Amino acid sequence: MKTEASFKLSILETSDVHGNVYPINYGLNAESPVGLGKISTLINEVKKEAEHTFIIDNGDVIQGTPLTYHYARFEAGKPNPMIQILNHMGYEAAVFGNHEFNYGLELLHQSINESSFPWLSANLLNKETGEPFFGKPYLIKEFPEGPRIGVLGLTTHYIPNWEKEEHIEGIEFQDCLEAAKKWVPYLKNEEKVDLLVVSYHGGFERDLETGEATEVLTSENQGYQMCQEVEGIDVLLTGHQHRFISGESVNGVLVVQPGSQGRALGKVDVEMTFVDGEWKVQSKTSELLYTEEVEADEEVLAMVKDYEEATQEWLDQPIGKILGDMKVHDPMKIRTGDHALIEFFNRVQMEAVGVDISSTSLFDNLAPGLTEDVTMRDVVANYIYPNTLKVIRITGADMKEALEQTASYFAPYTGGEIEVNPKFLYPKPEHYNYDMWEGIEYEINISKPFGERITKLEYHGEPIDPSKEYDVVMNNYRAGGGGNYMMFKDKPVIVDLPMDVSELIANYILERKVIESKVDNNWKVTHD
């Protein structure tokens, strides 16, 4: 080793790719600036220029598109297309995201076994032994005549609030902050790493500059706390929130987050020098490389062409007809008064489990609604998550509290157009956390203060009794308290239906062939 030497490393991060390979929006069947095909082109360009690279995925990669759904549902005996691509692209590590568990442990273990790289999980522990459930908490990357790089993997421990129990059986989700406080000193003092990178499938619960809370402090996103409370982290790779963050440091820790769907590649450049017998960080910078103007790598697309063609054929299968209008013309209009699409989804849910109260959401503003000749593409374009259904038993008081939470979606009304509360837009859009109910009659008055907006709440023409119990069907995410609906958490589960809601909707249409649009106008938003 020379008395003085320099070393340059480019860390390349993807996160929340959510099954996107081809540059396509499956719901609209139109081109979109997303996917690992485009990311591959960017990575190849960086490799040509960089002295050294390290490529890592930060979670939520094997789930999220019709491609991955079709694979998991109909072709799971074949190699996982997402893993094939990561192997081909030269990924050196991956971290578990919360959506890695959506298809169950059997498919997840299969995916891990097919990977030519390790999956890192310092805080996912075996309930019986207390050891890391999936084996490796961290990775040491050594370079000849260069520094030792330590990469620690952490996954938001909030997963049990959303995921089906059988999909996480035997796993203890240790608090990420606690795990970081254990492993970071170990890597620095015992493993003697020269550069410590934490890859955390989680984000930031506080403003990066002021430290003020930007969301309810549930411990779902502990990135800010890690930077402040865990000494020794050089770089914090983040995700989960789908934010685009680069060029930011918190308490000296460089942070980055590359959005979602493969819209950007996170790039961290670290320069180190060997001085007085040790490697020291001289500079570290981060940027996001966007895929919008990039052509997809045809070699990557060709690898999963058969999977893609099978998916497209499945999506275009006609399953029935809609009489009347179930299209989404204006998302805000749907959220301010009863609509045939939402009523239909709620009625499918109620019939599937045999209850007469239901809630659901319009998940995002890209949902197109259902066309006259319905296909599977229409269904998955509107119901984009692999949710299942649960019937939980709640009190009238819980129902009122939940509706007040939903009513906070609207900003205080001062006249003019109705606007969305910024808390539902930043740091990421959360339109899916606005629920619309069927089986009860209610009104939301957005001219009233938060917490006092539900001005009518009835069941079968009678006021809801705060102390009485009601059985309500909703998706498993919401039933677990997801979206800050903590009034639902740990409530008695009366029915647990382990079938994807999108499949229930498709089967409902297939069985009946013709669906008539209906609206009973059981709820509305006012500002009198």
Original post:
Any idea which of (1) in contact (Cβ under 8 Å) with a residue 40 or more places away in the chain; (2) more than 22 Å from GLY64 (Cβ to Cβ); (3) not in a loop (DSSP other than H, G, I, E, B) is the one GLU458 doesn't satisfy?
Top reply: (1)
Subject >> Long-range neighbours under 7 Å by Cβ, at least six apart or interchain, first residue over 27 Å from ILE245 (Cα atoms) and touching a residue at least 12 places away in the same chain (Cβ under 8 Å) within segment 266-283, second outside any strand (DSSP E or B) and open to solvent by less than 30 Å² (accessible area, probe 1.4 Å) >> reply: TRP279/PRO147
Subject >> Scope segment 367-391; condition among the aromatic types (Phe, Trp, Tyr) and either assigned to a strand (DSSP E or B) or open to solvent by 10 Å² or more (accessible area, probe 1.4 Å) (or both); matching residues >> reply: TYR385
**OP:** Taking the residues in segment 296-322 that are touching a Ser or Thr at 6+ places or on another chain (Cβ under 6 Å) and modelled with pLDDT of 95 or more as candidates, determine which candidate is most open to solvent (accessible area, probe 1.4 Å).
**Re:** ASP297
Original post:
Say we look at segment 347-378 and pick out the residues that are touching a residue at least 60 places away in the same chain (Cβ under 8 Å) and hydroxyl-bearing (Ser, Thr, Tyr); which of these is farthest from VAL472 (Cα to Cα)?
Top reply: THR375
**OP:** At least 3 residues that are crowded, with 23+ Cβ neighbours inside 10 Å in each: list the helices (runs of 4 or more DSSP H) lying fully within segment 41-129 that qualify.
**Re:** 66-74, 81-89
Subject >> Matching residues, segment 220-242, being at positive phi and modelled with pLDDT under 95 >> reply: HIS240, HIS242
**OP:** Output yes when any residue across segment 143-166 is in contact with a strand residue (DSSP E or B) (Cβ under 6 Å, 6 or more places away or on another chain) and acidic (Asp, Glu), and no when none is.
**Re:** no
Original post:
Taking the stated definitions as given, is GLN261 closer than 22 Å to GLY59 by Cβ, open to solvent by 50 Å² or more (accessible area, probe 1.4 Å) and out of contact with any Lys or Arg (no Cβ under 8 Å at 6 or more places or on another chain)?
Top reply: yes
Subject >> Residue in segment 174-184 that is more than 21 Å from ASP16 (Cα to Cα), touching a residue at least 12 places away in the same chain (Cβ under 8 Å), assigned to a strand (DSSP E or B) and open to solvent by less than 10 Å² (accessible area, probe 1.4 Å) present >> reply: no
Subject >> Out of ILE159, ILE245, sole residue that is within 26 Å of VAL34 (Cβ to Cβ), open to solvent by less than 30 Å² (accessible area, probe 1.4 Å), at pLDDT below 95 and of a type in the set (Val, Ile, Thr) >> reply: ILE159
Subject >> Residues located in segment 444-455, provided they are within 30 Å of VAL353 (Cβ to Cβ) and open to solvent by less than 50 Å² (accessible area, probe 1.4 Å) >> reply: ILE444, ARG453, ILE454
Subject >> Verdict on TYR508 being open to solvent by less than 50 Å² (accessible area, probe 1.4 Å) and either more than 30 Å from ASP325 (Cα to Cα) or not hydrophobic (A, V, I, L, M, F, W, C) (or both) >> reply: yes
**OP:** Report yes if some residue within segment 474-494 is surrounded by fewer than 18 Cβ atoms within 10 Å (Cβ to Cβ) and of a type in the set (Ser, Thr, Tyr); otherwise report no.
**Re:** no
**OP:** Kindly indicate whether any position in segment 392-413 is out of contact with any Phe, Trp or Tyr (no Cβ under 6 Å at 6 or more places or on another chain), open to solvent by 20 Å² or more (accessible area, probe 1.4 Å), part of a loop (DSSP other than H, G, I, E, B) and touching a residue at least 12 places away in the same chain (Cβ under 8 Å).
**Re:** yes
Subject >> Residue list for segment 346-366, filter: within 19 Å of LEU403 (Cα to Cα), open to solvent by less than 10 Å² (accessible area, probe 1.4 Å) and not in a loop (DSSP other than H, G, I, E, B) >> reply: ASN346, GLN349, SER358, SER359, THR360
Subject >> Given (1) part of a loop (DSSP other than H, G, I, E, B); (2) among the charged types (D, E, K, R); (3) under 21 Å from the mean Cα position of the chain (by Cα), number of the condition GLU452 does not satisfy >> reply: (3)
Original post:
Conditions: (1) of a type outside the set (Phe, Trp, Tyr); (2) farther than 26 Å from GLU298 by Cα; (3) buried (at least 24 other Cβ atoms within 10 Å of the Cβ). PRO137 meets all but one. Number of the miss?
Top reply: (3)
**OP:** Scan (1) outside any loop (DSSP other than H, G, I, E, B); (2) open to solvent by 10 Å² or more (accessible area, probe 1.4 Å); (3) at pLDDT 95 or above for the single condition VAL151 breaks and write down its number.
**Re:** (2)
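Conditions (1) over 14 Å from GLY262 (Cβ atoms); (2) over 23 Å from the mean Cα position of the chain (by Cα), marked per residue:
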| site | (1), (2) |
| --- | --- |
| GLY37 | no, no |
| GLU45 | yes, yes |
| HIS52 | yes, yes |
| VAL61 | no, no |
| THR68 | no, no |
| ALA72 | yes, no |
| GLY77 | yes, yes |
Original post:
Quick one: in segment 414-443, which of the residues that are among the acidic types (Asp, Glu) and over 15 Å from ASP528 (Cα atoms) is surrounded by the most Cβ atoms within 10 Å (Cβ to Cβ)?
Top reply: ASP435
Original post:
Among the residues of segment 265-291, how many are part of a strand (DSSP E or B), of a type in the set (D, E, K, R) and open to solvent by 60 Å² or more (accessible area, probe 1.4 Å)?
Top reply: 4
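The values are calculated or read from the model by the stated rules, or taken from the named source; none is laboratory data. Quantities reported herein were computed from a predicted structural model and do not represent experimental measurements. Methodologically, a virtual Cβ is constructed for each residue, glycine included, from the backbone with ideal geometry; neighbour enumeration extends over all protein chains shown. For accessibility, only protein heavy atoms count, side chains too; no ligands or nucleic acids. Shrake-Rupley method; radii C 1.70, N 1.55, O 1.52, S 1.80 Å.
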